[in-house]
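Q: Next up is a structure, given as C-alpha cells.
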Amino acid sequence: IGLVRSRGEADEHFDAYFWSRKAALEESSGDFAAATLSYGKAALASHRAEAKSQSEEFYDQMSAASSRVWLEQSREDDLSQDLTATAATVSCAEQLFGRNDWRTMAARSMYEFRSSQARLTPRQRQQTTELNMIYYRLAENQRFQHALSVIDWLRARDDDLDRNHPVRGNVLFNRGYCLKELNRPTEAKDSLESAIVIYQETFGSNHLHVGR
C-alpha cells in the first residue's frame, strides 16, 4: 500500500482495502451492482489517502462492474439498479478526476445513454441496439449513404416516442453526421441543431454535444 504518513491516512488505506475486498466478493457472487458501489468507495478512500494509481485502478474496476450490470439488466423492464450504479460511477469520476476530465465525460455520456434506454421497452431496446450496431459498422466503413438509410429507418420508428426523448436526439445527431460526410451541409446543420435542442432540454447545457 505504500508509506503511511498519518493515522487518518492509515484509516483511508484500511477502508480502501476493506471496500475492495468486499467488492471482489460481491463480484464473484454475481452482484455487480453492489460491487460497483464498493469499488467506488475503495477508489475514493485511496484518493483521500493520495494513492493515485490505486484509486484509478479501483475506478477502472468500478466501471467494469457497472458495465456488467448493464449487460445483466438491459433486457429487463426495471433498470433502476443499473442507473444507480452508473450515476455512482459519474459521481466517483467527478471527485477523482474533475468534471472536465475525459473519464468523467465518458461516464456522464454513458449515464445519459442508459437513462434514455430506460425509457424504452425491452423489445425497443433490443431493436434499437441491433440497428445502431448496423449503423456504426456502416459509418466506420465510410458507407455513409447506407448508414443514412438505417438512420432514417430508425427515425421513422421514433413516432411513438416523446418529442424530446434522448433516442430522438441520438438519431438526429447521427443523421447530421452522415449528411455532413455526404457533403449536404444545410441538411446536416438542421439535424444537428435539432439534436442539440433535445439534448439541452433533456440533459441540460453540460451535455457532451451541447455547445460544440
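Q: Could you list the GluC sites (Glu not before Pro) in segment 1-106 that lie in coil according to DSSP, counting only those with at most 16 other Cβ atoms within 10 Å of their Cβ?
A: Those that pass, being in a loop and sparsely packed, are Glu50, Glu76.
Q: Sticking with this structure for a sec: How long are the three semi-axes of the equivalent ellipsoid of segment 127-193, in whole Å, if each is the root of 5 times an eigenvalue of the C-alpha gyration tensor, listed from largest down?
A: Each semi-axis is the square root of five times an eigenvalue, giving 18, 16, 8 Å.
Q: By a straight-distance test (C-alpha under 29 Å), which lysines pair with Lys22 as possible cross-link partners, with residues fewer than eight away in the same chain excluded?
A: Lys41, Lys52
Q: Rounded to the nearest 0.05, what FRET efficiency is calculated for Phe113 and Thr186 with R0 set to 41 Å and r the Cβ-Cβ distance?
A: Using R0 = 41 Å, I get an efficiency of 0.90.
Q: Taking the Cβ of Leu96 as the centre, find all other residues whose Cβ is under 10 Å away and add up their charges (Lys, Arg: +1; Asp, Glu: -1).
A: Residues near Leu96 contribute -1 overall.
Q: Oh, and also: Give me the net charge for the shell around Ser80: Cβ to Cβ below 14 angstrom, other residues only, Lys and Arg +1, Asp and Glu -1.
A: Summing Lys and Arg as +1 and Asp and Glu as -1 gives -3.
Q: Now a separate question. How big is segment 64-117 by Rg and Dmax over its Cα atoms, in Å?
A: Cα radius of gyration and Dmax of segment 64-117 are 11.0, 33 Å respectively.
Q: How long is the gain from Glu201 to Asp101 if the chain were fully straight, where each residue apart is worth 0.36 nm and the alpha carbon distance is subtracted?
A: So the extension gain works out to 33.7 nm.
Q: Right, next: Non-local amide H neighbours of His165 (under 5 Å, H modeled in plane, Pro and chain starts lacking H): which ones?
A: Placed amide hydrogens put nothing under 5 Å from His165.
Q: Lys and Arg at +1, Asp and Glu at -1: add these up for the other residues within a Cβ distance under 11 Å of Lys22 and post the number.
A: -2
Q: Also: In the set [x] 38, 19, 14; [y] 37, 22, 13; [z] 32, 24, 15, which value of semi-axes √(5λ) of the Cα gyration tensor in Å was calculated from the structure you see?
A: Working out semi-axes √(5λ) of the Cα gyration tensor in Å from the coordinates points to [x].
Q: Assuming a ≥ b ≥ c are the square roots of the Cα gyration tensor eigenvalues, decide whether segment 110-151 counts as rounded (a/c under 1.5), prolate (otherwise, with a/b larger than b/c) or oblate.
A: Since a/c reaches 1.5 and a/b is larger than b/c, the shape of segment 110-151 is classed as prolate.
Q: Cα to Cα, under 18 Å, and not fewer than 8 places away if on the same chain: which lysines meet these conditions relative to Lys189?
A: By straight Cα distance, Lys189 reaches Lys180.
Q: Which is farthest toward the positive dipole end of segment 59-212 among Gln81, Leu182, Thr202, measuring Cα position about the Cα centre, with Cβ charges +1 (Lys, Arg) and -1 (Asp, Glu)?
A: Sorting the options by dipole projection puts first Leu182.
Q: Relative to the Cα centre, what is the charge dipole magnitude of the chain, using +1 at the beta carbon of each Lys and Arg, -1 at the beta carbon of each Asp and Glu, and rounding to the nearest 20 debye?
A: 460 debye
Q: Shifting gears a bit: Which order, highest average first, do 86-93, 146-153 follow once you tally other Cβ atoms within 10 Å for each residue and take the mean per peptide?
A: Descending packing order for the listed peptides: 86-93, 146-153.
Q: Provide the gained length on full extension for the span Lys52 to Leu71, in nm with one decimal, where the gain is 0.36 nm per separating residue minus the Cα-Cα distance.
A: 3.9 nm
No value in this document is a laboratory result; all are computed from the given coordinates. Predicted, not measured: the structure shown is a model, and the values here were computed from it. Glycine gets a Cβ as well: all are built from the backbone with ideal geometry, and neighbour counts include every protein chain shown.
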